[in-house]
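Here the structure comes first, spelled out in C-alpha coordinates, and everything after it is commentary.
The values are calculated or read from the model by the stated rules, or taken from the named source; none is laboratory data. Computed from a predicted structure; not experimentally measured. Note: ideal-geometry Cβ built from the backbone for every residue, glycine included; neighbour counts use all protein chains shown. Side chains included, ligands, DNA and RNA excluded: accessible areas come from the protein's heavy atoms. Shrake-Rupley method; radii C 1.70, N 1.55, O 1.52, S 1.80 Å.
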Amino acid sequence: MLRETTLSPADLIWPIFVCEGTGISEDIPTLPGVQRLSIDRAIPALAHMKELGIPATAVFPVPGDHVRTEDGKEAFRPDNLICRAVSAVKDAHPDLGVIGDVALDPYTTSGQDGIERDGRVLNDETVAALTRQALVLAKAGCDIVAPSDMMDGRVGAIRKVLDLDGHEEVAILAYTAKYCSAFYGPFRDAVGSSATLGTRNKATYQMDPANRAEAIREAALDIEEGADMIMVKPGLPYLDIIRDLSDRFDVPTFAYHVSGEYAMLAAAANTGAIDFQAGLMESLTALKRAGARGILSYGALEAAEILGDHA
Ligand code: PBG
(Lines give C-alpha, C1' and ligand atoms only; values in the text may rest on other atoms or scores of the structure.)
Protein backbone atom coordinates (compact mmCIF):
# COMPACT_ATOMS: atom_id res chain seq x y z
CA MET A 1 0.00 0.00 0.00
CA LEU A 2 2.74 2.42 0.89
CA ARG A 3 5.16 1.50 -1.84
CA GLU A 4 5.81 4.48 -4.10
CA THR A 5 7.55 2.77 -6.98
CA THR A 6 6.42 -0.40 -8.68
CA LEU A 7 8.26 -2.12 -11.45
CA SER A 8 6.50 -3.92 -14.28
CA PRO A 9 7.76 -5.93 -17.26
CA ALA A 10 6.24 -3.15 -19.39
CA ASP A 11 8.97 -0.81 -18.07
CA LEU A 12 11.74 -2.97 -19.49
CA ILE A 13 13.64 -3.22 -22.75
CA TRP A 14 15.87 -6.22 -23.42
CA PRO A 15 19.11 -5.57 -25.32
CA ILE A 16 20.37 -8.48 -27.43
CA PHE A 17 23.44 -9.18 -29.56
CA VAL A 18 22.99 -10.79 -32.97
CA CYS A 19 25.69 -12.46 -35.02
CA GLU A 20 25.95 -14.18 -38.41
CA GLY A 21 25.36 -17.91 -38.85
CA THR A 22 22.70 -20.31 -37.67
CA GLY A 23 22.24 -22.22 -34.44
CA ILE A 24 24.64 -19.97 -32.58
CA SER A 25 24.29 -19.06 -28.93
CA GLU A 26 27.71 -17.97 -27.78
CA ASP A 27 28.66 -16.96 -24.25
CA ILE A 28 30.37 -13.62 -23.63
CA PRO A 29 33.02 -14.25 -20.94
CA THR A 30 32.91 -10.77 -19.39
CA LEU A 31 29.09 -10.62 -19.51
CA PRO A 32 28.07 -13.86 -17.78
CA GLY A 33 24.57 -15.04 -18.62
CA VAL A 34 24.34 -13.06 -21.89
CA GLN A 35 24.87 -14.64 -25.32
CA ARG A 36 25.46 -13.57 -28.88
CA LEU A 37 22.61 -15.12 -30.88
CA SER A 38 22.29 -15.88 -34.56
CA ILE A 39 19.06 -14.55 -36.06
CA ASP A 40 17.32 -17.96 -35.95
CA ARG A 41 18.07 -18.16 -32.21
CA ALA A 42 17.10 -14.57 -31.50
CA ILE A 43 13.54 -15.08 -32.81
CA PRO A 44 12.45 -17.68 -30.22
CA ALA A 45 14.28 -15.79 -27.48
CA LEU A 46 12.20 -12.73 -28.37
CA ALA A 47 9.01 -14.80 -28.38
CA HIS A 48 9.84 -15.68 -24.78
CA MET A 49 10.52 -12.01 -24.02
CA LYS A 50 7.10 -11.07 -25.39
CA GLU A 51 5.37 -13.76 -23.31
CA LEU A 52 6.96 -12.21 -20.24
CA GLY A 53 5.33 -8.87 -21.06
CA ILE A 54 8.44 -6.97 -22.17
CA PRO A 55 7.38 -4.65 -25.01
CA ALA A 56 10.64 -3.99 -26.82
CA THR A 57 14.16 -5.11 -27.63
CA ALA A 58 17.28 -3.15 -28.55
CA VAL A 59 19.19 -5.14 -31.15
CA PHE A 60 22.97 -4.75 -31.44
CA PRO A 61 24.88 -6.35 -34.31
CA VAL A 62 28.14 -8.26 -34.04
CA PRO A 63 29.02 -8.32 -37.73
CA GLY A 64 32.68 -9.32 -37.31
CA ASP A 65 35.89 -7.39 -37.89
CA HIS A 66 36.03 -8.19 -41.62
CA VAL A 67 33.31 -5.57 -42.32
CA ARG A 68 35.27 -2.74 -40.67
CA THR A 69 36.49 0.16 -42.85
CA GLU A 70 37.75 3.64 -42.06
CA ASP A 71 34.39 5.17 -43.00
CA GLY A 72 32.19 2.42 -41.53
CA LYS A 73 30.05 2.25 -44.66
CA GLU A 74 28.75 -1.23 -43.82
CA ALA A 75 26.48 0.66 -41.40
CA PHE A 76 24.26 1.81 -44.25
CA ARG A 77 24.34 -1.22 -46.53
CA PRO A 78 20.63 -2.15 -46.72
CA ASP A 79 21.34 -5.88 -46.51
CA ASN A 80 23.76 -5.78 -43.57
CA LEU A 81 23.41 -8.10 -40.56
CA ILE A 82 21.36 -5.73 -38.42
CA CYS A 83 18.88 -4.93 -41.21
CA ARG A 84 18.37 -8.64 -41.91
CA ALA A 85 17.95 -9.26 -38.19
CA VAL A 86 15.44 -6.44 -37.73
CA SER A 87 13.30 -7.48 -40.68
CA ALA A 88 13.34 -11.14 -39.58
CA VAL A 89 12.29 -10.13 -36.07
CA LYS A 90 9.49 -7.87 -37.36
CA ASP A 91 8.28 -10.63 -39.70
CA ALA A 92 8.12 -13.09 -36.82
CA HIS A 93 6.84 -10.65 -34.18
CA PRO A 94 5.16 -7.64 -35.84
CA ASP A 95 3.82 -6.36 -32.53
CA LEU A 96 7.16 -6.33 -30.76
CA GLY A 97 9.01 -3.03 -30.51
CA VAL A 98 12.42 -3.00 -32.15
CA ILE A 99 15.05 -0.38 -31.35
CA GLY A 100 18.04 0.00 -33.68
CA ASP A 101 21.31 1.53 -32.48
CA VAL A 102 22.69 4.35 -34.61
CA ALA A 103 26.49 4.58 -34.29
CA LEU A 104 29.40 3.39 -36.38
CA ASP A 105 31.41 1.45 -33.78
CA PRO A 106 30.65 -2.08 -35.11
CA TYR A 107 31.80 -0.93 -38.55
CA THR A 108 34.90 1.31 -38.18
CA THR A 109 38.51 0.13 -38.13
CA SER A 110 39.08 2.58 -35.26
CA GLY A 111 36.24 1.15 -33.16
CA GLN A 112 35.04 4.74 -32.74
CA ASP A 113 31.35 5.64 -33.05
CA GLY A 114 32.32 8.06 -35.79
CA ILE A 115 34.72 8.44 -38.69
CA GLU A 116 38.25 8.97 -37.39
CA ARG A 117 40.88 10.74 -39.43
CA ASP A 118 44.33 11.85 -38.23
CA GLY A 119 43.37 10.83 -34.72
CA ARG A 120 40.19 12.93 -34.65
CA VAL A 121 36.57 11.85 -34.84
CA LEU A 122 34.89 14.04 -37.43
CA ASN A 123 31.47 15.26 -36.29
CA ASP A 124 29.78 16.41 -39.48
CA GLU A 125 30.99 13.64 -41.79
CA THR A 126 29.84 11.17 -39.16
CA VAL A 127 26.39 12.76 -38.92
CA ALA A 128 25.95 12.31 -42.68
CA ALA A 129 26.80 8.60 -42.34
CA LEU A 130 24.48 8.24 -39.33
CA THR A 131 21.51 9.62 -41.25
CA ARG A 132 22.05 6.96 -43.92
CA GLN A 133 22.34 4.31 -41.20
CA ALA A 134 19.12 5.48 -39.52
CA LEU A 135 17.36 5.30 -42.87
CA VAL A 136 18.31 1.67 -43.58
CA LEU A 137 17.28 0.76 -40.04
CA ALA A 138 13.89 2.43 -40.51
CA LYS A 139 13.41 0.70 -43.86
CA ALA A 140 14.28 -2.65 -42.26
CA GLY A 141 11.41 -2.10 -39.80
CA CYS A 142 12.80 -0.46 -36.66
CA ASP A 143 10.06 1.26 -34.66
CA ILE A 144 12.62 3.38 -32.89
CA VAL A 145 16.11 4.45 -33.87
CA ALA A 146 18.48 5.24 -31.04
CA PRO A 147 21.52 7.38 -31.83
CA SER A 148 24.17 6.33 -29.29
CA ASP A 149 27.02 8.09 -31.05
CA MET A 150 26.90 11.47 -29.23
CA MET A 151 27.79 13.55 -32.30
CA ASP A 152 26.38 17.08 -32.24
CA GLY A 153 23.33 17.73 -34.39
CA ARG A 154 22.59 14.11 -35.24
CA VAL A 155 19.05 13.98 -33.87
CA GLY A 156 17.85 16.82 -36.09
CA ALA A 157 19.64 15.46 -39.14
CA ILE A 158 18.19 11.97 -38.62
CA ARG A 159 14.66 13.34 -38.07
CA LYS A 160 14.86 15.30 -41.31
CA VAL A 161 16.08 12.36 -43.40
CA LEU A 162 13.50 9.98 -41.91
CA ASP A 163 10.66 12.43 -42.57
CA LEU A 164 11.76 13.13 -46.14
CA ASP A 165 11.70 9.41 -46.84
CA GLY A 166 8.23 8.85 -45.37
CA HIS A 167 9.25 7.47 -41.98
CA GLU A 168 7.46 10.07 -39.87
CA GLU A 169 6.22 7.30 -37.59
CA VAL A 170 9.69 6.08 -36.62
CA ALA A 171 10.56 7.51 -33.22
CA ILE A 172 13.94 8.70 -31.98
CA LEU A 173 15.28 7.61 -28.62
CA ALA A 174 18.30 9.87 -28.14
CA TYR A 175 21.20 8.74 -26.03
CA THR A 176 21.27 12.24 -24.59
CA ALA A 177 23.50 12.01 -21.55
CA LYS A 178 25.88 9.24 -22.48
CA TYR A 179 28.90 9.43 -20.25
CA CYS A 180 32.44 8.42 -21.15
CA SER A 181 32.26 5.43 -18.84
CA ALA A 182 34.31 2.45 -17.73
CA PHE A 183 31.07 0.50 -17.43
CA TYR A 184 30.78 -0.26 -21.15
CA GLY A 185 33.67 -2.76 -21.05
CA PRO A 186 31.65 -5.98 -21.40
CA PHE A 187 29.51 -4.48 -24.22
CA ARG A 188 32.66 -3.68 -26.18
CA ASP A 189 33.81 -7.27 -25.65
CA ALA A 190 30.41 -8.51 -26.82
CA VAL A 191 30.48 -6.55 -30.07
CA GLY A 192 34.20 -7.06 -30.60
CA SER A 193 35.22 -3.40 -30.40
CA SER A 194 37.46 -3.54 -27.28
CA ALA A 195 40.51 -4.76 -29.19
CA THR A 196 39.74 -2.48 -32.14
CA LEU A 197 39.41 0.56 -29.91
CA GLY A 198 42.66 -0.36 -28.11
CA THR A 199 43.99 2.57 -26.11
CA ARG A 200 41.64 5.08 -27.77
CA ASN A 201 38.74 6.44 -25.78
CA LYS A 202 35.55 8.28 -26.66
CA ALA A 203 36.14 11.32 -24.47
CA THR A 204 35.91 13.84 -27.30
CA TYR A 205 32.23 13.09 -27.78
CA GLN A 206 30.92 11.16 -24.76
CA MET A 207 30.29 13.20 -21.62
CA ASP A 208 32.59 13.87 -18.68
CA PRO A 209 31.24 11.94 -15.65
CA ALA A 210 31.83 15.08 -13.60
CA ASN A 211 29.23 17.09 -15.52
CA ARG A 212 25.60 17.69 -14.68
CA ALA A 213 24.62 21.02 -16.28
CA GLU A 214 25.91 19.71 -19.61
CA ALA A 215 23.35 16.88 -19.49
CA ILE A 216 20.59 19.47 -19.22
CA ARG A 217 21.98 21.40 -22.20
CA GLU A 218 22.28 18.18 -24.22
CA ALA A 219 18.70 17.23 -23.42
CA ALA A 220 17.34 20.62 -24.44
CA LEU A 221 19.16 20.35 -27.76
CA ASP A 222 18.04 16.78 -28.48
CA ILE A 223 14.41 17.62 -27.73
CA GLU A 224 14.53 20.75 -29.84
CA GLU A 225 15.97 18.65 -32.68
CA GLY A 226 13.09 16.17 -32.43
CA ALA A 227 13.94 13.48 -29.89
CA ASP A 228 10.82 11.60 -28.72
CA MET A 229 12.60 10.09 -25.73
CA ILE A 230 15.89 10.87 -24.03
CA MET A 231 18.24 8.51 -22.25
CA VAL A 232 20.81 8.57 -19.49
CA LYS A 233 23.61 6.04 -19.60
CA PRO A 234 25.01 4.32 -17.52
CA GLY A 235 22.21 4.02 -14.98
CA LEU A 236 23.06 3.65 -11.30
CA PRO A 237 26.09 5.99 -11.21
CA TYR A 238 23.90 8.71 -12.75
CA LEU A 239 20.63 8.59 -10.79
CA ASP A 240 20.91 12.33 -10.14
CA ILE A 241 21.00 13.00 -13.88
CA ILE A 242 17.93 10.81 -14.47
CA ARG A 243 16.13 12.81 -11.78
CA ASP A 244 17.26 16.14 -13.27
CA LEU A 245 16.14 15.31 -16.79
CA SER A 246 12.88 13.60 -15.88
CA ASP A 247 11.86 16.51 -13.64
CA ARG A 248 12.77 19.15 -16.16
CA PHE A 249 11.61 17.79 -19.51
CA ASP A 250 8.26 16.48 -20.71
CA VAL A 251 9.55 13.73 -22.98
CA PRO A 252 10.05 10.33 -21.31
CA THR A 253 13.49 9.76 -19.81
CA PHE A 254 14.95 6.28 -20.18
CA ALA A 255 17.88 4.69 -18.37
CA TYR A 256 20.41 2.18 -19.64
CA HIS A 257 21.47 -0.27 -16.94
CA VAL A 258 24.66 -1.02 -18.87
CA SER A 259 26.79 -4.09 -19.38
CA GLY A 260 29.30 -3.24 -16.64
CA GLU A 261 26.53 -2.75 -14.10
CA TYR A 262 25.06 -6.12 -14.97
CA ALA A 263 28.52 -7.77 -14.99
CA MET A 264 29.34 -6.36 -11.55
CA LEU A 265 26.19 -7.93 -10.13
CA ALA A 266 26.89 -11.23 -11.85
CA ALA A 267 30.49 -11.26 -10.60
CA ALA A 268 29.48 -10.42 -7.05
CA ALA A 269 26.77 -13.08 -7.14
CA ASN A 270 29.37 -15.56 -8.34
CA THR A 271 31.46 -15.15 -5.21
CA GLY A 272 28.36 -15.18 -3.02
CA ALA A 273 28.85 -11.53 -2.09
CA ILE A 274 25.47 -10.34 -3.38
CA ASP A 275 22.16 -12.09 -4.04
CA PHE A 276 21.76 -11.63 -7.79
CA GLN A 277 17.99 -11.44 -7.99
CA ALA A 278 17.66 -9.05 -5.06
CA GLY A 279 20.47 -6.87 -6.39
CA LEU A 280 18.92 -6.76 -9.84
CA MET A 281 15.44 -5.83 -8.61
CA GLU A 282 16.85 -3.18 -6.29
CA SER A 283 18.88 -1.68 -9.15
CA LEU A 284 15.94 -1.54 -11.55
CA THR A 285 13.60 -0.17 -8.88
CA ALA A 286 16.13 2.56 -8.05
CA LEU A 287 16.34 3.57 -11.72
CA LYS A 288 12.57 3.83 -11.93
CA ARG A 289 12.37 5.71 -8.62
CA ALA A 290 14.89 8.21 -9.99
CA GLY A 291 12.50 8.96 -12.86
CA ALA A 292 13.22 6.45 -15.62
CA ARG A 293 10.10 5.61 -17.64
CA GLY A 294 11.82 2.75 -19.42
CA ILE A 295 14.93 0.77 -18.53
CA LEU A 296 17.23 -1.15 -20.83
CA SER A 297 18.76 -4.05 -18.93
CA TYR A 298 20.49 -7.31 -19.74
CA GLY A 299 18.57 -8.56 -16.70
CA ALA A 300 15.16 -7.72 -18.24
CA LEU A 301 14.12 -11.36 -18.71
CA GLU A 302 15.17 -12.39 -15.22
CA ALA A 303 13.41 -9.36 -13.74
CA ALA A 304 10.20 -10.04 -15.68
CA GLU A 305 10.28 -13.67 -14.55
CA ILE A 306 10.63 -12.58 -10.93
CA LEU A 307 7.80 -10.04 -11.33
CA GLY A 308 5.63 -12.71 -12.96
CA ASP A 309 6.22 -15.12 -10.08
CA HIS A 310 5.06 -12.49 -7.65
CA ALA A 311 1.98 -11.44 -9.62
C1 PBG B 1 28.15 2.12 -28.90
C2 PBG B 1 27.37 1.68 -27.72
C3 PBG B 1 27.92 1.37 -26.49
C4 PBG B 1 26.88 0.91 -25.70
C5 PBG B 1 25.71 0.98 -26.46
N6 PBG B 1 26.02 1.48 -27.71
C7 PBG B 1 29.32 1.35 -26.02
C8 PBG B 1 30.22 2.48 -26.26
O9 PBG B 1 29.80 3.64 -26.33
O10 PBG B 1 31.39 2.20 -26.40
C11 PBG B 1 27.09 0.44 -24.28
C12 PBG B 1 26.07 -0.46 -23.74
C13 PBG B 1 26.48 -1.26 -22.56
O14 PBG B 1 27.59 -1.12 -21.99
O15 PBG B 1 25.67 -2.09 -22.17
N16 PBG B 1 27.67 3.16 -29.61
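For residue 4 and residue 228, the FRET efficiency from 1/(1 + (r/R0)^6), where r spans their Cβ atoms and R0 equals 22 Å, is about 0.25. Loop-resident trypsin sites (Lys or Arg not before Pro) (DSSP state other than H, G, I, E or B) in region 101-195 with no more than 10 further Cβ atoms inside 10 Å of their Cβ are absent.
Please report, as a whole percent, how much of the solvent-accessible surface of the chain comes from carbon and sulfur atoms (probe radius 1.4 Å). Show your work: numbers first, answer last.
Numbers: 6770 of 13100 Å².
Answer for the chain is 52 percent, counting heavy atoms of protein chains only.
Run the numbers for residue 278 and residue 243: contour at 0.36 nm per residue of separation, minus the present Cα-Cα distance, in nm. Don't jump to the answer; show the numbers that get you there.
Numbers: separation 35, 0.36 × 35 = 12.60 nm, distance 2.29 nm.
Working it through step by step, the gained length comes to 10.3 nm.
With θ taken as phi - 60° and the Karplus curve 6.51 cos²θ - 1.76 cosθ + 1.60 applied, the whole-hertz 3J(HN,Hα) list for region 277-289 is 4, 5, x, 5, 5, 5, 4, 5, 5, 5, 5, 5, 4 Hz, x standing for glycine and proline. Residue by residue, region 10-16 carries 3J(HN,Hα) couplings of 5, 7, 9, 10, 9, x, 10 Hz when phi is fed to the Karplus relation 6.51 cos²θ - 1.76 cosθ + 1.60 (θ = phi - 60°); x denotes Gly or Pro. Between residue 95 and residue 24, the C-beta separation translates, for a Förster distance of 22 Å, into a calculated FRET efficiency of about 0.25. The per residue volume of the convex hull around the alpha-carbon atoms of region 1-109 is 135 Å³. Taking the Cα centre of the chain as reference, the dipole from Cβ charges on Lys and Arg (+1) and Asp and Glu (-1) amounts to some 220 debye.
Comparing 297, 276, 259 along the charge dipole axis of region 189-311, the residue lying farthest to the positive side is 259, per the Cβ-charge model.
Give me the number: length gained by fully extending residue 268 to residue 109, i.e. 0.36 nm times residue separation minus the C-alpha to C-alpha distance, one decimal in nm. Before the final figure, lay out each step's value.
Details: separation 159, 0.36 × 159 = 57.24 nm, distance 3.40 nm.
Working it through step by step, the gained length comes to 53.8 nm.
In the context of the full set of protein chains, the chain has a per residue accessible area of 42 Å² (1.4 Å probe). Taking region 170-198 and a reference point 7 angstrom along Cα→Cβ of residue 221, the backbone N atoms nearer than 17 Å belong to 173-180.
Across region 177-182, rounded Karplus estimates of 3J(HN,Hα) from the backbone phi angles (6.51 cos²θ - 1.76 cosθ + 1.60, θ = phi - 60°) give 10, 9, 7, 6, 10, 6 Hz, Gly and Pro being marked x. Within region 141-222, the GluC sites (Glu not before Pro) that combine a DSSP coil assignment with at most 10 other C-beta atoms in a 10 angstrom radius are 168, 169.
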